[in-house]
Amino acid sequence: MPIIRSDSLALHVTSADQQTALVDTLALYRRLVRDLMTVAYTHWPVVGTGKGNDVVKVIEGLIHPTRQRPQVRYPYFAKCYYKFPSYLRRVAIMDAVGQVRSFVTRFDTWLRGERKHPHAKPPRLTSSTKTFPSLYG
């Protein structure tokens, strides 16, 4: 059996330009996740049944034009997130679907009456999450 190694390293930013680039990347990633959450929730009957990477295929089919699929349902993403790295796009899709899945589960639980207090307010889908992508050097 092969030995698998996993490291967690601290990210040390040395210059102001690198720090600015990192902050800009984080802001763009969070904006993409927010926008993808609206798509995932809008198409939840289809997206919610998917498991694992199947949800990535469904969402990419709606937002990401290719040579075989030049027309997509939401061309906004191709304009606003042009040349966004595919690995970050796919992580953002999984992140957005996870946020929506959590909300739908909590809302269904609330609808069934499973609450801490009888007058508890329903959960809300918050799109301003403080999520972080995995960044590789």
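The values are calculated or read from the model by the stated rules, or taken from the named source; none is laboratory data. Please read these numbers as outputs of a predicted model, since none were measured by experiment. Because the Cβ atoms are built from the backbone with ideal geometry, glycine has one as well, and the counts that use them run over all protein chains shown. Surface areas here come from the heavy atoms of the whole protein model, side chains and all, with no ligands, DNA or RNA. Shrake-Rupley method; radii C 1.70, N 1.55, O 1.52, S 1.80 Å.
Here's the yes/no breakdown for (1) of a type in the set (Asp, Glu); (2) open to solvent by 30 Å² or more (accessible area, probe 1.4 Å); (3) modelled with pLDDT under 95; (4) out of contact with any strand residue (DSSP E or B) (no Cβ under 8 Å at 6 or more places or on another chain):
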residue: THR25; (1), (2), (3), (4): no, yes, yes, yes
residue: ASP35; (1), (2), (3), (4): yes, no, no, yes
residue: TYR41; (1), (2), (3), (4): no, yes, no, yes
residue: VAL47; (1), (2), (3), (4): no, no, no, yes
residue: GLY52; (1), (2), (3), (4): no, yes, yes, yes
residue: PRO85; (1), (2), (3), (4): no, yes, yes, yes
residue: ARG90; (1), (2), (3), (4): no, yes, yes, yes
residue: VAL100; (1), (2), (3), (4): no, no, no, yes
Residue count, segment 112-127, condition surrounded by 10 or more Cβ atoms within 10 Å (Cβ to Cβ) and either closer than 30 Å to SER86 by Cα or of a type in the set (A, V, I, L, M, F, W, C) (or both), comes to 4
Taking into account only those residues within segment 114-135 that are in contact with a Phe, Trp or Tyr (Cβ under 6 Å, 6 or more places away or on another chain) and free of Cβ contacts under 8 Å to residues at least 24 places away in the same chain, which is farthest from THR25 (Cα to Cα)? PRO122
